[in-house]
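Working notes, beginning with the structure itself.
Read the figures in this text as sums done on the coordinates, not as results from a lab. What you see is a predicted model; the values in this text were computed from it and never measured. Every residue, glycine as well, gets a Cβ built from its backbone with ideal geometry; the counts of neighbours run over all protein chains shown.
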Amino acid sequence: MAVTEDTTNAGGIGARMLRKEDGKLVTGESKFIDDIHVPGELWMGMVRSTMAHARITSIDTSAAASMPGVHSVLTGAQLADMDLWAAPLPCAWPVTDDMANPPHWPVVPEVVHHVGDIVAVVLADSRYQAADAVEQVIVEYESLPAVASIEQAIADTNLAHTDLSTNKAYTWAIAPDPEGTQAAFDAAAHKVSCRFVQQRLIPAAMEPRGVLAVPSPMGGDITLYSATQVPHILKVMMAATTGIPENMIRVVAPSVGGGFGAKLNINPDESLALVLAHRLGRAVRWTETRSEAAGSTHQGRGQIQHVELASDANGKLTAIRVKIDADMGAYMMLITPGTPLLGSFLYHGVYETPKFSFTCEGWFTNRTPTDAYRGAGRPEASYAIERAMDMLSYEVGIDPIEIRRRNYINGGEPFEMWENPAGIFFDSGHYTPTLDRALEMADVAGLRAEQQARRDAGSSKQLGIGLCTYVEICGLAPSRALGGLKYAAGGWEHSTVRLLPTGKVEVVSGSTPHGQGHETSWSQIIATKMGISPDDVTVLHSDTAKSPLGLDTYGSRSLAVGGVAISMAADKVIEKARLIAAHQFEAAPEDVEFTDGSFSVAGSPSKSVHIQELGFAAFSAHDLPDGMEPNLQEQVSFDPPNFAFPFGTHVAVVEVDEDTGGVELIGYFAVDDCGNQVNPMIVEGQVHGGVVQGAAQALYEIAVYDDDANITNPSLMDYLVPSAAEMPSIVTDSTCTPSTTNPLGVKGVGEAGTIGSAAAVINAVVDALRPHGITDMKMPATPMRVRRAIEAANGGAS
Amino acid sequence: MIPAAFDYVRAGSAEEALAALAEHGDEAKLMAGGHSLIPLMRFRLVTPGVVVDVGNIDGDLRGIRVDGDVVRIGALTRHSELEHSTDLAASCPLLAHVASVVGDPSVRHRGTLGGSLAHADPASDLPAAILALGGSLVARGPGGEREIAASDFFTGFLESALAPDELLTEVRVPVSTGGWNYQKFNRRAQDWAIVAVAVSDGGKGVSLVNMGSTPLRATAVEEAVAGGASAAEAAAHAADGTTPPEDLNGDADYRSHLARVLTERALNAAGLA
């Protein structure tokens, strides 16, 4: 059932509780990776390839090795001889049996495959000495032809990996009825065929990545601190690829300043720090610089999308056919090949279509590897269908609002367990209310009048209104479904709930926060379930010694999987506590009721004990029921039966200066439905950040590579991450359609804003330019690009 | 983002700064607010042997004084002080306004007028304001002080008429309350201008940001205005004789187009019909 916002309970589910984390964050008490230092630590300095594709002919480390403070300089060939690795860096998602997966070594032994590939590592006493020595390592290369774009990869004239026969890594398809799909196109009254480019994005978390490996030379064990989203996965993968026994590795993610997917990988630097610290018996550390990150941290997006829609005369969809060319970059990292496929099930968006076909081809290029970035495949899918629907509306000659209404799943009425044409089941949905509310909040009718007035007046500042109704797939994931997709791991999440002797509660979380507010949300779940104050709850996380089991945080999964696990573990604690209470009351357990944290016997309210009082009884174990184990500690590994499918409607309002081409986002309205909300304030924060990240793709951000596959804008001076100054005040609201496939009725909201916003913003830009006959605009819609489009539409420069 | 090693000298007075420059010669680099120099050092694009920090010198090198029809501004006066000075707002509102759109608040609280001018970045805002106003700069060196007209000061990309052993001490602009405007076009509020145009005194002074290797006076526009042209007619000459830089934000044609659009807007806003 739907939970309405809780205004009476100061800290239960539904309360706008201030975040427990924030005091430590705003006072600097939180420790990030760069705040942690140990005696004798050595800094790594990476000598990175300046070539996109080349064979190393020589490396002269002599000058660097003799510099002050330098411990050693190790080349890829030397490291290969040291027998430090059991396997290359891992790819956990071989999406097809025949997928190409060239070896990705932490330091390249012979051939570099992208600018930023590591060719040697300096170990020095300080970061400055390491940086000085890196400059003195002389590397000579024999240049090889570089594959600098998806188009070049498809041409296959040059090979990104010379030992492969093609740049194509794999072909993956869902095409249940290709002939039927073609027949639908043949019979269509209206068709649109679109080509969209999802430009590469640099994730640019506020905190760069960093790592510190601290060995225990006498103990044989080693602690790996990393600014990671995935300490548990990192531990397993480090054991598997280094040969260091898993029981000797502890991974700690300290406070982590944002990830957005870019910190879910298994990176060369992490592996290097671990094996070198293990071998040398000294702590080894590294922190990336902002410009270095363009080559040392994976990027997002990187697709060319071919989208075809067919409809009847009224704009009712009859078929969707999608072909994606996805840029893998130089190597298959953890989930590189699967990332574009995370959107595969969603290319029909929120619309019913009888025929559906999706094909993705993955291509190697000599660029930084791609992998998950906020939304990971779903923003691309949402953009494609929502942009294409606007283009279909132009074709049919009806309003973009109307074409959406005509095509919503189940006619826009509520539904549960709807089977989509790709064969998966949407848990629940009800799309029309989000549209109606968004139109009302934005006053779209008023905006249309203002737009017409400006057009009539010939104003140079034109108004554009853009719409997006998105659906996404999150709550990753049912383990069997992942297995069916050839993903190597499961999708469960683990939790332990302990009622301590003094009545406080300790929650052990397998999902790992990097800014989301897990400590607050988990405390709120416990507060409601157990009837206690959220202040009495402590959440342990992000350290495999405290939280040995978990699958971490990505894919908007924490609440829908990890939060549910916590709720279920709390239920088990309550049930055991009920047995202790019944024993104390000398009553049958089935007669003991649990209300607001207290157990009482039905019909005799005078007999009552608060659950927190039972912590000591379970601990002392003086008088427990026969056969009961002491302590109140229960754990749950929850494997979700289904994904969750949040949705919403976003409206973007832009002002386009037709003389300069400048686009200003002047209004943004988001109505999201993520099911039940634990903390609406945290939900709003996620929507705000997500919206900005999608708007950033629409208007500002692009990783630009030149013809030699060099990135030309690696610094934040040229890679334009927008700030608050560029954003309007984002107006949010929500509807609530609980998930039907988990007991909390929750979905997920970490990526929703990003999934909805890029299409809304570009639809708005195109809407402003419609009088010029413009039907599409590439991302990012830079002022020069917009101005050129206006000039081209009007027959050249004006 | 890790600078190379350097020595650091903190000058307590202009004399100490000049002495340090004399001692270290070409090895030395003056630093005031550091917001131009430090990023270049972090990228190792410049690697001075000695950084002479003049940012803490007080006295005549800081502050704004209106002296008859001249405004005298100490070279170490910070952008935020220009931005918030009521004296400057009354005597030279163009300069006060331009200072308020440099970078972001943290940049404006560290950056100095003299530092920005000495850095001679064609993409910076303040050089254009001084050019449009017809200001001058006072340099102090071993041989004493000399006054350099702003129009003679910017000699090349990040190069100025300032000698390696000289320190900027003062900037002089005429009291100027005629029609003025500054049109800055960029993609993010904190960024350098893709193109900007400063207009003073109803169009008598017009200058361009990021339209060449130095901050530029738009002399063709000024001449057209002097000859009685309308704003639209004069603005058509905004890109005349320029060789705009090309980067991800704009090629030369687009920058030239922007210069014309922004100049027309600035002239109109400055009161030219």
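Do you know the relative contact order of chain A, to the nearest whole percent, from alpha carbon pairs under 8 angstrom that are 6+ apart? Mind showing how you got there, number by number?
Numbers: 2042 pairs, mean separation 124.0, N = 798.
Taking the mean separation of contacting Cα pairs over the length of chain A, I get 16 percent.
In percent, what relative contact order does the stretch B:7-53 have, based on Cα pairs under 8 Å that are 6 or more apart in sequence?
It rounds to 56 percent for the stretch B:7-53.
Which of the lysines could be linked to A:Lys323 by a straight reach, that is with a Cα gap under 23 Å, when you skip same-chain ones fewer than 8 residues away?
Counting by Cα, and skipping residues close in sequence, A:Lys323 has these lysines nearby: A:Lys168, A:Lys191, A:Lys355, A:Lys486, A:Lys778.
So how far apart, in nm, are the two label points at A:Met681 and A:Asp186 if each is 7 Å from Cα heading toward Cβ?
6.1 nm
Under the 0.36 nm per residue contour assumption, what length would be gained going from the current alpha-carbon distance of B:Ala5 and B:Thr177 to full extension?
Additional length available on full extension: 57.2 nm.
In what sequence do A:Phe599, A:Phe32, B:Phe157 fall when counting other Cβ within 10 Å, fewest first?
Fewest-to-most Cβ neighbours within 10 Å comes out as B:Phe157, A:Phe32, A:Phe599.
In nm, to one decimal, how far is the modelled label at B:Ala149 from the one at A:Ala545, with both set 7 Å along Cα→Cβ?
7.3 nm
With θ set to phi - 60° and the Karplus curve 6.51 cos²θ - 1.76 cosθ + 1.60, what are the ³J(HN,Hα) couplings of the stretch A:440-453 in order, to the nearest whole Hz, using x for Gly and Pro?
These are the phi-based 3J(HN,Hα) values: 5, 4, 7, 6, 4, 4, x, 5, 4, 5, 5, 4, 5, 4 Hz.
Taking only the C-alpha atoms, wrap a convex hull around the stretch A:594-712 and report its volume per residue in Å³ as a whole number.
289 Å³
Expressed as a whole percent, how much of the Cα-Cα distance distribution for the stretch B:7-53 exceeds 13 Å?
Tail of P(r) above 13 Å: 51 percent of Cα pairs.
Based solely on C-alpha atoms, express the radius of gyration and the Dmax of the stretch A:382-450 in angstrom.
For the stretch A:382-450, the Cα radius of gyration and maximum Cα-Cα distance read 13.9, 44 Å.
Between A:Thr595 and A:Arg770, what is the FRET efficiency for a Förster distance of 56 Å, r being their Cβ-Cβ separation, to the nearest 0.05? Present the calculation step by step, with values, prior to reporting the outcome.
On the way: r = 60 Å, r/R0 = 1.06.
Using R0 = 56 Å, I get an efficiency of 0.40.
B:Lys204: which lysines have alpha carbons under 20 Å from its alpha carbon, excluding same-chain residues fewer than 8 sequence positions away?
B:Lys184
So how do A:Arg321, A:Arg48 line up by other beta-carbon neighbours within 10 Å, fewest first? Mind showing how you got there, number by number?
On the way: A:Arg321 22, A:Arg48 19.
Placing the least packed residue first, the sequence is A:Arg48, A:Arg321.
Could you work out the equivalent-ellipsoid semi-axes for the stretch A:278-419, taking the square root of 5 times each eigenvalue of the Cα gyration tensor, largest first, in whole Å? Could you put the intermediate results ahead of the total?
Details: eigenvalues 313, 47, 36 Å².
Value: 40, 15, 13 Å, ordered largest first.
What ³J(HN,Hα) values, in whole Hz, does the Karplus curve 6.51 cos²θ - 1.76 cosθ + 1.60 give for the stretch B:26-37 when θ = phi - 60°, with x put for Gly and Pro?
Listing the rounded values in order: 5, 5, 8, 9, 6, 10, 9, x, x, 7, 9, 5 Hz.
Taking 0.36 nm per residue of sequence separation and subtracting the Cα-Cα distance, how much length would be gained by fully extending the chain between A:Glu140 and A:Ala313, in nm to one decimal?
55.9 nm
Mind computing the radius of gyration and Dmax over the alpha-carbon atoms of chain B? Å is fine for both.
Cα-based Rg and Dmax for chain B come out at 18.2, 57 Å.
Hey, which aspartates and glutamates would be in cross-link range of A:Lys20, C-alpha to C-alpha under 12 Å, not counting anything within fewer than 8 residues on its own chain?
By straight Cα distance, A:Lys20 reaches A:Glu519, A:Asp535, A:Asp536.
Dividing the Cα convex hull volume of the protein assembly as shown by residue count, how many Å³ per residue is that? Intermediate values should be presented prior to the final figure.
Values: hull volume 210.0 nm³, N = 1071.
Convex hull volume per residue, Cα atoms: 196 Å³.
Radius of gyration and Dmax for the stretch B:61-173's Cα atoms, expressed in Å?
Cα-based Rg and Dmax for the stretch B:61-173 come out at 12.9, 37 Å.
Can you tell me the length gained on complete extension of the stretch A:Ala80 to A:Ala453, counting 0.36 nm per residue apart and subtracting the Cα distance?
127.4 nm is the gain from fully extending A:Ala80 to A:Ala453.
Over all Cα pairs of the stretch B:182-269, how is the pair count split among 5 Å bins, expressed in % and running from 0 up to the last occupied bin?
Whole-percent P(r) values from 0 Å outward: 3, 18, 30, 25, 15, 7, 2, 0.
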